[in-house]
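Student: Questions regarding the structure given below will be posed in turn.
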Amino acid sequence: MSPLRLLFVEDSLLDVELMSMALEAAQIDFEFDVVDRIEVCREYLASRSYDAVLSDYRLQGFTAYQTLKLLREARQEIPLILVTGNLEDDAAVECIKAGMTDYVMKDRLFRLPMVLRRSLDEFSLRRQQQAISRRLQQQLKREALVNQIVRAMRETLQLDEVMQTTADMLHEALQVERCCLFTLEPQSGVYVRQVSQESRDRDVLHHRVVQCPIFEHYYEQMRAGQPVVIMDVNANHSEVLPRVAYSYAATNNIRAFAMFPLLHQGNLLGGIIVHQCDRPRMWTDDDCDLASAVADQCAIAVHQARLFEQVQRHAQHEQLLNHISQSINSSLDPTFILQEIVRLTGETFQVDRVIIYNTHADSIQTKCEWLADANVPSMATFTAPACHWFDAAVCPGEMPVDWVLHVPHYSTLPANSTRQEMITQYWLQSVLAVPIFMHDVFMGGLELHTVVAPRMFTPTEIQLLQQIANQAAIALCNAQSYAQLEALVQKRTKELVHEKYLSEAANRAKSEFLAHMSHELRTPLTGILGFTNILTDQLESVLNPEQQKYIEAIASCGQHLLDLINDLLDLSKIEAGREELFLEPVVVQEVCDACVGMVQETARQRNLPLHLDIEPDLTVCVADKRRLKQILSNLLSNAVKFTNEGYVRLSVCAVGRAIHFIVTDTGIGIAPADQEKLFQAFLQLDSGLSRRYEGTGLGLVLARKLAQLHGGDIVVQSELGKGSQFTLILPDTEQDLRS
């Protein structure tokens with residue numbers, strides 16, 4: 001234990017000797033200085049440290065009150081004990097009130113060791129209390145600062161805002177001259193994100209990537225979670241700091257510094273560094289505890305911000321891939337698709353140039369490009385030998401699917417004429433390239449270029465570019481397939497058009513032939529029927545019953561043949577496009593009565609009642625009267641022919657902007673599978689060896705074509721064994737005229 005250092009303020013050497021003897025008698029180890037003038041007392045207290053001051057109450061020229069004042073000026077918190085020969089009780093109380101610790105009368109110096117020990121213990125306890133109080137204050141201050149930072153973290157996910165608030169608070173709390181918060185970025189290294197607002201030369205460091213030899217030297221210590229505390233750079237540089245780090249400190253006028261790691265789950269994310277530039281500094285435990293607590297919270301903020309940035313980047317990447325997919329799906333134009341891919345890629349990666357190139361024999365050439373602005377040199381016409389373009393270890397014919405060319409500093413690649421051109425003419429600084437394969441065949445590649453500054457791409461960015469290249473391959477494959485399909489369709493379309501032309505020509509020739517032949521057949525047949533009628537009328541001679549029977553058979557067969565020829569003639573004229581309608585207002589009641597009258601006798605012979613229902617307000621329609629009668633008589637004839645019992649009804653009504661002529665019967669009905677065959681020429685549903693019903697099979701076909709010539713149609717509803725309903729639908733042109 002070191003001896004006590006005492007200062008005797010006394011002008012009597014005898015009293016000094018007596019005080020020393022009293023202390024030695026109590027076996028107190030001490031050293032002392034003696035002063036008897038105020039100037040010397042001031043000098044000693046300002047330049048030396050003491051454990052206590054023993055002062056006479058009144059000396060020649062100054063008093064113990066002045067000694068107390070000098071002690072306070074020197075900021076030495078030590079006991080001041082009065083050792084005096086005459087001091088009244090009231091005066092002693094006033095001295096103690098003024099700040100003096102205790103007093104001893106010179107005639108009782110045996111009490112001096114006890115008073116000294118008591119005073120020293122009292123001041124030691126006071127110092128402990130003050131230290132505890134300071135620690136409590138520092139702890140409260142630290143907790144308040146940490147709470148403010150945590151609150152700032154909760155209020156925003158903007159890392160720069162949180163770190164700026166942290167730097168400003170820590171700058172004020174530690175009373176330093178510069179406070180910097182930096183992060184370690186995989187692409188750039190030490191990145192000073194924020195500098196406190198009150199820092200010296202703030203703009204020089206704020207938002208800058210810097211080379212920091214001090215951090216590099218203490219990197220392993222920081223990664224281990226240990227702070228770095230240097231109290232005097234000049235005193236320690238030869239022992240602690242390497243020359244490069246000392247030069248950095250001297251250049252930035254750093255006299256003392258402390259560095260605290262931003263450590264989260266064992267990962268070093270960055271650090272906090274504080275500088276003292278005007279003087280060396282004693283970094284206290286409180287300073288280090290406060291900065292370490294703040295660094296822990298900052299590490300959490302950096303980690304959370306990076307997680308948030310990762311989520312945002314992932315969302316942006318998904319959005320980019322979706323946009324590319326939408327572009328692929330929205331167009332089959334390969335030029336448009338590739339232009340969209342390079343545009344979206346360039347905007348997402350924020351590079352200077354994006355190109356897609358393809359290979360031709362042993363060379364490559366740019367197929368599509370995107371430029372960040374007009375100042376970036378264009379590579380639209382670029383062509384180069386493939387052996388100069390790719391990595392020397394890779395040739396285009398053996399390109400692996402997972403090949404990636406990532407060169408943050410392009411100038412470091414082995415030099416050749418093409419690469420020299422890329423640097424000088426196209427300003428290439430960094431490149432990231434991935435291949436494009438179609439059906440496992442290397443077709444080209446997708447590249448990102450920087451021309452303003454070098455850049456290191458992250459593994460996530462490389463993976464994203466590979467996904468985009470896959471999308472580009474799909475787009476090119478789809479476009480290629482579409483082009484082939486379109487060529488095939490165009491070829492087949494030309495063939496079909498030619499076949500259609502031949503078919504229409506053959507159909508027209510057939511129709512013209514049928515029309516001509518029908519006309520030629522009808523002329524002699526008319527003569528046959530005329531002579532048959534003369535024989536039937538027995539104008540020249542009387543026929544016996546047998547002859548009468550034969551003549552009637554000849555007339556019936558001839559009439560049937562004439563009907564067939566008429567139907568063929570009508571059908572061929574319609575198909576040849578030579579049939580013209582004569583549309584006129586037609587009285588509905590008149591047409592319906594005439595058609596019902598045509599089948600009245602046949603219905604009577606089969607005991608079938610005929611019903612006619614016409615809406616009272618429906619009096620006139622617009623149609624070709626002869627053709628309308630032909631359609632309705634055909635439908636009514638079929639209804640009577642295929643109905644054995646029940647009834648046949650013709651109903652006429654207006655439905656919307658159309659007129660419906662509905663023929664309903666209770667006949668044999670038509671199976672669903674046979675209903676599609678009704679309107680095919682020369683086809684009867686009972687065709688075969690056991691035909692029971694006569695007919696040519698042209699009636700419904702002709703009726704429907706005539707309906708369609710009117711702008712309408714014929715539809716059928718039927719159920720086997722329960723009857724059928726045929727509806728002639730004609731546009732209500734008369735209604736348009738009325739309106």
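Student: Cβ-Cβ distance below 6 Å, separation of 6 or more or different chains: which pairs start in the stretch 241-266 with a residue that is outside the structural domain of residue 280 (by TED's automatic domain parsing) and end on one that is assigned to a strand (DSSP E or B)?
Tutor: none
Student: Does residue 323 satisfy being at pLDDT below 85, surrounded by 12 or more Cβ atoms within 10 Å (Cβ to Cβ) and either of a type in the set (Asp, Glu) or within 30 Å of residue 268 (Cβ to Cβ) (or both)? I'd like the intermediate steps shown before the answer.
Tutor: Working: at pLDDT below 85: yes; surrounded by 12 or more Cβ atoms within 10 Å (Cβ to Cβ): yes; either of a type in the set (Asp, Glu) or within 30 Å of residue 268 (Cβ to Cβ) (or both): no.
Against the criterion (at pLDDT below 85, surrounded by 12 or more Cβ atoms within 10 Å (Cβ to Cβ) and either of a type in the set (Asp, Glu) or within 30 Å of residue 268 (Cβ to Cβ) (or both)), residue 323 does not qualify.
Student: Right, here's the next one. Go through the stretch 197-237 and give me each residue that's farther than 30 Å from residue 457 by Cα and assigned to a loop (DSSP other than H, G, I, E, B).
Tutor: Scanning the stretch 197-237 gives 197, 198, 199, 200, 201, 226, 227, 231, 232, 237.
Student: When you scan the stretch 624-647, do you find a residue that is hydroxyl-bearing (Ser, Thr, Tyr), closer than 29 Å to residue 582 by Cβ and either outside any loop (DSSP other than H, G, I, E, B) or at pLDDT below 95 (or both), even just one?
Tutor: Yes, some residue in the stretch 624-647 is hydroxyl-bearing (Ser, Thr, Tyr), closer than 29 Å to residue 582 by Cβ and either outside any loop (DSSP other than H, G, I, E, B) or at pLDDT below 95 (or both).
Student: Take the residues of the stretch 432-467 that are closer than 17 Å to residue 406 by Cβ and of a type in the set (Asp, Glu): which is surrounded by the most Cβ atoms within 10 Å (Cβ to Cβ)? Spell out how you get there, then give the answer.
Tutor: The first filter runs over the stretch 432-467 and keeps only residues closer than 17 Å to residue 406 by Cβ, leaving 432-436, 445-451, 453-467.
Now restrict to residues that are of a type in the set (Asp, Glu): 447, 461.
Details: 447: 25, 461: 20.
Applying the filter and picking the extreme gives 447.
Student: When you go through 211, 221, 175 one by one, which is the residue that is surrounded by fewer than 21 Cβ atoms within 10 Å (Cβ to Cβ) and touching a residue at least 12 places away in the same chain (Cβ under 8 Å)?
Tutor: Values: 221 fails: touching a residue at least 12 places away in the same chain (Cβ under 8 Å); 175 fails: touching a residue at least 12 places away in the same chain (Cβ under 8 Å).
Only one candidate passes the filter, namely 211.
Let's see how each residue does on (1) surrounded by 13 or more Cβ atoms within 10 Å (Cβ to Cβ); (2) among the β-branched types (Val, Ile, Thr); (3) at pLDDT 90 or above:
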site: 51; (1), (2), (3): yes, no, yes
site: 58; (1), (2), (3): yes, no, no
site: 90; (1), (2), (3): no, no, no
site: 106; (1), (2), (3): yes, no, no
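Student: Cβ-Cβ below 7 Å, separation at least six or inter-chain, first residue in the stretch 573-585 and under 12 Å from residue 708 (Cα atoms), second assigned to a loop (DSSP other than H, G, I, E, B) and modelled with pLDDT of 80 or more: which pairs?
Tutor: Between residues of the stretch 573-585 that are under 12 Å from residue 708 (Cα atoms) and residues that are assigned to a loop (DSSP other than H, G, I, E, B) and modelled with pLDDT of 80 or more, the close pairs are 581/710.
Student: Okay, next question. Might you check whether a residue that is under 20 Å from residue 231 (Cα atoms), outside the structural domain of residue 341 (by TED's automatic domain parsing), assigned to a helix (DSSP H, G or I) and in contact (Cβ under 8 Å) with a residue 12 or more places away in the chain occurs anywhere in the stretch 295-306?
Tutor: yes
Student: Please find, within the stretch 586-603, the residue that is surrounded by the fewest Cβ atoms within 10 Å (Cβ to Cβ) out of those that are without any contact (Cβ under 8 Å) to a residue 40 or more places away in the chain and under 14 Å from residue 637 (Cβ atoms).
Tutor: Per the criteria, the residue is 601.
Student: Just checking, does the stretch 349-356 include any residue being within 33 Å of the chain's Cα centre (by Cα), on the phi > 0 side of the Ramachandran plot and either loosely packed, with under 12 Cβ neighbours inside 10 Å or not in a helix (DSSP H, G or I) (or both)?
Tutor: Yes, that holds for at least one residue.
Student: May I pose another question? Within the group 658, 681, 671, 703, which residue is hydrophobic (A, V, I, L, M, F, W, C) and modelled with pLDDT of 90 or more?
Tutor: Only one candidate qualifies: 658.
Student: I would also like to ask the following. Which pairs turn up if I take residues in the stretch 90-111 that are assigned by TED's automatic domain parsing to the domain that holds residue 15 and look for partners that are among the small types (Gly, Ala, Ser) and not in a helix (DSSP H, G or I) with beta carbon separation below 6 Å, at least 6 apart in sequence or on another chain?
Tutor: Within 6 Å, the pairs are 106/85.
Student: Scan the stretch 297-314 for residues that are exposed (fewer than 15 other Cβ atoms within 10 Å of the Cβ) and either among the hydrophobic types (A, V, I, L, M, F, W, C) or more than 30 Å from residue 465 (Cα to Cα) (or both) and jot them down.
Tutor: If the condition is that a residue be exposed (fewer than 15 other Cβ atoms within 10 Å of the Cβ) and either among the hydrophobic types (A, V, I, L, M, F, W, C) or more than 30 Å from residue 465 (Cα to Cα) (or both), then 307, 308, 311 are the ones that fit.
The values are calculated or read from the model by the stated rules, or taken from the named source; none is laboratory data. The structure presented is a predicted model; accordingly, all values stated were derived computationally and were not measured. Methodologically, a virtual Cβ is constructed for each residue, glycine included, from the backbone with ideal geometry; neighbour enumeration extends over all protein chains shown.
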